[in-house]
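Here the structure is laid out as structure tokens; the discussion comes afterwards.
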Amino acid sequence: MHKGADIVLQCLRAEGVELVFGYPGGAIMPLYDALEGSGVRHILTRHEQGAVFAAEGYARVTGEVGVAMATSGPGATNLVTGIADAKMDSVPLVCITGQVRSALIGTDAFQETDVFGVTLSLTKWSRLVRTLDEIPEAIAEGFHWARSGRPGPVVIDIPTDMLKAKKEFSGPVKFTPHARPADAKADGGFTDTTFTTKIAALLQQASKPVALVGAGAKLSGAIPELRRLLDDLNVPTFATVHGLGAVPPQAPYYLGMVGMHGTRAANTALHETDLLFVFGARLDDRVTGDPTRFAPHAKIVHFEIDPAQLDRVRPCEISVVGNLADTIPAFQTELRQHSLPDFSGWRAVACGAERAELDPRGLAQPTIRFLDELFSRLPQDSVVIADVGQHQMWAAQRYRSSSPRGFITSGGLGAMGFALPAAVGVQLAKPDTCVLCVSGDGGFQMNIQELATVRRLGLPVKMVIIDNKYLGMVRQWQQLFYQRNYAETDLSDNPDFVEIAKAYKIHSFRLNEDAMREFPVSNETGDEIDRFLRSPEPELLVFDCAPEANVFPMVPAGAALSEMLLEEEPTQ
Amino acid sequence: MQSFYIRYRNTQGTLMRILNAASRRALDLPVVQAEPAEHDHQVTLALDVNQKQVGQLYREWYAIADVIQVSSDQVSSGAAHTAEWTAAHPPAGVTMEESRAAARA
């Protein structure tokens, strides 16, 4: 006879789970009681949001399913932001929540929340377990949906009496999804190879083709295939924030990040193009600017696994539904049978020096110099995790990684407080890798309690706070669009982060902008940064940033990509 | 007003996910009729939607794990007819030319 909790853990092991992140509480205690000897290692965070972001970090850097667990009521509701984040960024995540006893469900019992209902619109799939017999099937099906197609979050809610009850258990089960008529047709989208000849014909007619790479390219595992195709196409190419790292930054046709804080070259090329290839991106408003004026001259060819992402901005000329690992090689095979028009003139304009990636005045900003200095000293294959705000965009603009999973951030939901706990998950997944967590002073305080997790585990995470004593991105918008009315964004009474870190027994120090005014930086500063990055212990570096430093280029909300601001303009 | 017929396996939450695709767009749900249909279930919805929303709803419903098939009574072209999503590419709200022309305007 096995307890429900033992069955849950055995099923998790069968799915390949070695690590779960969580926080115990009443309804999930039986599962915690069964952890020892189960083969599943539990990482105690100091808040359930920390647990779910850590699970996300683990999933994002490995491509495996991240697992978070929490108790009923507040434990479960504290997972919600992470679940929404996983939905937006296509992160495979399974959350296991304890629920009150079956007999108490619906009675507003202590710590009872309808987590199934609360998360219904945020999950790919969810299940409130009603009988002990359902557990193996629920876990197998949950993992299937979390990792299949466009990955996403799953919630499995288990009443505490199910975790305690005993039954005969013959072992984990496999889940086989039901076939449905449209699946065959969707899968058949790429086997109908006429799409390849149609695209080749569009290329023959095009004069300014470009390629946009999104997260789907990484999720499909088709990076080598994509890079080969892009080399063949040799057209100006750019990436969304989640596509960074998919294209080697040194590729001569690569223009960097596109969108609200994308490079001038990328945004300009996207506005001018007459043929846009999209590889695994949903084209959200941060990428398109005003959707009604997005790529106004372009025909769109969209490679995408999730039909729900097609035609969101406007209809595509050709949509190729399927795994990029299958569709890209099919297209490339066809492409190699054609001689492409000469796009060198267009490439020279789009990639030329006149469209330099950043306004030269921006490069003089001490914070950008600091990030350049930091990133240039990172060991190969480091992972940078950025929180949300100005520092996130600076990091996205300046970090040039060739590693598809080398830059991690909450891009779709934009959840402040993401980076520190996510770095915990990343470091646990990659114990020998340099993991650099870049936060702002606002976001760092949203999950600052995870310093205790870092310390307890002795994780050598390198934490940087870009401290401008403001909620910087909001302040920037207030400056530019709200007549400098800095309503409730002043954080000048921030605590001393260096002292806080010391209280957690984490070595910490401060650098200010003066250290970046010399170029190159002094040996002393360089050595200090090197020591920081190579320390075998957790470290915190607080960089004092000018309070009113801004991120440029910037496409104002509602403007077209061609209307990006390259520097501050008078307040309207 | 347009009628939609969504065939689904009656698993936990599937009907709610179907309805949520409409409610998250602040669409009223004046008619909802769910019933068994052969081995599965079918829900009939009447919604006041524009053509762009039709495409979005088709795609979102189809992304739900246990939705089997989506069809609707199309009235936009003048004559009502039943349109079933039979291709990988779901129906679009506006034509490509209309969309590009609007972007250039």
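Please specify each residue of the range A:429-445 satisfying the condition of being of a type in the set (A, V, I, L, M, F, W, C), surrounded by fewer than 24 Cβ atoms within 10 Å (Cβ to Cβ) and part of a helix (DSSP H, G or I). Before you say what the answer is, go through the steps one by one.
First, the residues of the range A:429-445 that are of a type in the set (A, V, I, L, M, F, W, C): A:429, A:434-438, A:444.
Filter once more, so that each one left must be surrounded by fewer than 24 Cβ atoms within 10 Å (Cβ to Cβ): A:429, A:434.
If the condition is that a residue be of a type in the set (A, V, I, L, M, F, W, C), surrounded by fewer than 24 Cβ atoms within 10 Å (Cβ to Cβ) and part of a helix (DSSP H, G or I), then A:Ala429 is the only one that fits.
Condition first: of a type in the set (A, V, I, L, M), closer than 16 Å to A:Ala59 by Cα and surrounded by fewer than 21 Cβ atoms within 10 Å (Cβ to Cβ). Now tell me which residues in the range A:18-39 satisfy that. Working first, answer last.
Pass one, the range A:18-39, residues of a type in the set (A, V, I, L, M): A:19-20, A:27-29, A:31, A:34-35.
Imposing the further condition that a residue be closer than 16 Å to A:Ala59 by Cα reduces the set to A:19-20.
A:Leu19, the sole residue that qualifies.
Got a sec? Which helices (runs of 4 or more DSSP H) wholly within the range A:310-408 have at least 2 residues that are under 30 Å from A:Pro421 (Cβ atoms) and not polar (S, T, N, Q)? Lay out the reasoning, then the answer.
Working: elements: A:324-335, A:344-350, A:360-363, A:366-376, A:390-398.
Those helices (runs of 4 or more DSSP H) span A:366-376, A:390-398.
Take the residues in the range A:141-166 that are in contact with a strand residue (DSSP E or B) (Cβ under 9 Å, 6 or more places away or on another chain) and assigned to a loop (DSSP other than H, G, I, E, B); name whichever of them is nearest to A:Ile96 (Cα to Cα).
Top of the filtered list is A:Gly152.
Determine, yes or no, whether A:Ala138 is more than 17 Å from A:Asn78 (Cβ to Cβ), in contact with a strand residue (DSSP E or B) (Cβ under 8 Å, 6 or more places away or on another chain), without any contact (Cβ under 8 Å) to a residue 60 or more places away in the chain and crowded, with 17+ Cβ neighbours inside 10 Å. Give the derivation first.
Values: more than 17 Å from A:Asn78 (Cβ to Cβ): yes; in contact with a strand residue (DSSP E or B) (Cβ under 8 Å, 6 or more places away or on another chain): yes; without any contact (Cβ under 8 Å) to a residue 60 or more places away in the chain: yes; crowded, with 17+ Cβ neighbours inside 10 Å: yes.
For A:Ala138, the condition - more than 17 Å from A:Asn78 (Cβ to Cβ), in contact with a strand residue (DSSP E or B) (Cβ under 8 Å, 6 or more places away or on another chain), without any contact (Cβ under 8 Å) to a residue 60 or more places away in the chain and crowded, with 17+ Cβ neighbours inside 10 Å - is met.
Kindly indicate whether A:Ile328 is more than 18 Å from the chain's Cα centre (by Cα) and buried (at least 21 other Cβ atoms within 10 Å of the Cβ). Give the steps one after another, and end with the answer.
Numbers: more than 18 Å from the chain's Cα centre (by Cα): yes; buried (at least 21 other Cβ atoms within 10 Å of the Cβ): yes.
Yes.
Read through the list (1) of a type outside the set (Asp, Glu); (2) in contact with an Asp or Glu (Cβ under 8 Å, 6 or more places away or on another chain); (3) without any contact (Cβ under 8 Å) to a residue 40 or more places away in the chain, then give the number of the only condition that A:Leu324 fails.
Of (1) of a type outside the set (Asp, Glu); (2) in contact with an Asp or Glu (Cβ under 8 Å, 6 or more places away or on another chain); (3) without any contact (Cβ under 8 Å) to a residue 40 or more places away in the chain, only one is false for A:Leu324: (3).
Regarding the range A:136-148, can at least one residue be identified that is farther than 30 Å from A:Phe418 by Cα and either modelled with pLDDT of 95 or more or among the hydrophobic types (A, V, I, L, M, F, W, C) (or both)?
Filtering the range A:136-148 for residues farther than 30 Å from A:Phe418 by Cα gives A:136-137.
Going one step further and asking which of them are either modelled with pLDDT of 95 or more or among the hydrophobic types (A, V, I, L, M, F, W, C) (or both), we end up with A:136-137.
Checked the range A:136-148: at least one residue is farther than 30 Å from A:Phe418 by Cα and either modelled with pLDDT of 95 or more or among the hydrophobic types (A, V, I, L, M, F, W, C) (or both).
Scan the range B:44-59 for residues that are under 17 Å from A:Ser319 (Cβ atoms) and either among the aromatic types (Phe, Trp, Tyr) or not in a helix (DSSP H, G or I) (or both) and jot them down.
Listed by number, the list holds a single entry, B:Tyr58.
Quickly run through the range A:314-325 and pick out the residues that are surrounded by fewer than 23 Cβ atoms within 10 Å (Cβ to Cβ) and more than 13 Å from chain B (Cβ to nearest Cβ).
A:Ala325
Rundown of residues vs (1) on the phi > 0 side of the Ramachandran plot; (2) in contact with a strand residue (DSSP E or B) (Cβ under 6 Å, 6 or more places away or on another chain); (3) in a helix (DSSP H, G or I); (4) buried (at least 24 other Cβ atoms within 10 Å of the Cβ), yes/no style:
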{"residue": "A:Ser207", "(1), (2), (3), (4)": "no, no, no, no"}
{"residue": "A:Ala217", "(1), (2), (3), (4)": "no, yes, yes, yes"}
{"residue": "A:Arg228", "(1), (2), (3), (4)": "no, no, yes, no"}
{"residue": "A:Phe238", "(1), (2), (3), (4)": "no, yes, no, yes"}
{"residue": "A:Leu244", "(1), (2), (3), (4)": "no, yes, no, yes"}
{"residue": "A:Pro248", "(1), (2), (3), (4)": "no, no, no, no"}
{"residue": "A:Val278", "(1), (2), (3), (4)": "no, yes, no, yes"}
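Scanning the range A:284-298 for residues that are assigned to a loop (DSSP other than H, G, I, E, B) and within 13 Å of another protein chain (Cβ to nearest Cβ), which turns out surrounded by the fewest Cβ atoms within 10 Å (Cβ to Cβ)? Quick ask: steps written out before the conclusion?
Kept after step one, since they are assigned to a loop (DSSP other than H, G, I, E, B), are these residues of the range A:284-298: A:284, A:289-290, A:294-298.
Add one more test, that the residue is within 13 Å of another protein chain (Cβ to nearest Cβ), and what stays is A:289-290, A:294-298.
Working: A:Gly289: 27, A:Asp290: 17, A:Phe294: 22, A:Ala295: 28, A:Pro296: 21, A:His297: 15, A:Ala298: 25.
Among residues in the range A:284-298 that are assigned to a loop (DSSP other than H, G, I, E, B) and within 13 Å of another protein chain (Cβ to nearest Cβ), the one surrounded by the fewest Cβ atoms within 10 Å (Cβ to Cβ) is A:His297.
Of these, A:Val301, A:Val258, A:Val278, A:Val247, which one is more than 23 Å from the chain's Cα centre (by Cα) and either of a type in the set (Gly, Ala, Ser) or more than 10 Å from every other protein chain (Cβ to nearest Cβ) (or both)? Working first, answer last.
Details: A:Val258 fails: more than 23 Å from the chain's Cα centre (by Cα); A:Val278 fails: more than 23 Å from the chain's Cα centre (by Cα); A:Val247 fails: more than 23 Å from the chain's Cα centre (by Cα).
Only one candidate passes the filter, namely A:Val301.
On the given criteria, is A:Asp311 closer than 21 Å to A:Leu230 by Cβ and either buried (at least 18 other Cβ atoms within 10 Å of the Cβ) or touching a Phe, Trp or Tyr at 6+ places or on another chain (Cβ under 7 Å) (or both)? Explain how you work it out, then say what you get.
On the way: closer than 21 Å to A:Leu230 by Cβ: no; either buried (at least 18 other Cβ atoms within 10 Å of the Cβ) or touching a Phe, Trp or Tyr at 6+ places or on another chain (Cβ under 7 Å) (or both): yes.
Spelling it out, it is not the case that A:Asp311 is closer than 21 Å to A:Leu230 by Cβ and either buried (at least 18 other Cβ atoms within 10 Å of the Cβ) or touching a Phe, Trp or Tyr at 6+ places or on another chain (Cβ under 7 Å) (or both).
Restricting the range A:486-502 to residues that are over 28 Å from the mean Cα position of the chain (by Cα) and exposed (fewer than 11 other Cβ atoms within 10 Å of the Cβ), which is farthest from A:Phe543 (Cα to Cα)?
Selected residue: A:Ala487.
Mind checking whether some residue in the range A:517-538 is touching a strand residue (DSSP E or B) at 6+ places or on another chain (Cβ under 7 Å), closer than 28 Å to A:Leu457 by Cβ and in a strand (DSSP E or B)?
Looking for residues that are touching a strand residue (DSSP E or B) at 6+ places or on another chain (Cβ under 7 Å), closer than 28 Å to A:Leu457 by Cβ and in a strand (DSSP E or B), one finds none in the range A:517-538, hence no.
The values are calculated or read from the model by the stated rules, or taken from the named source; none is laboratory data. These numbers come from a predicted model, not from an experiment. In this analysis, Cβ positions are derived from the backbone assuming ideal geometry, glycine residues included, and neighbour counts consider all displayed protein chains.
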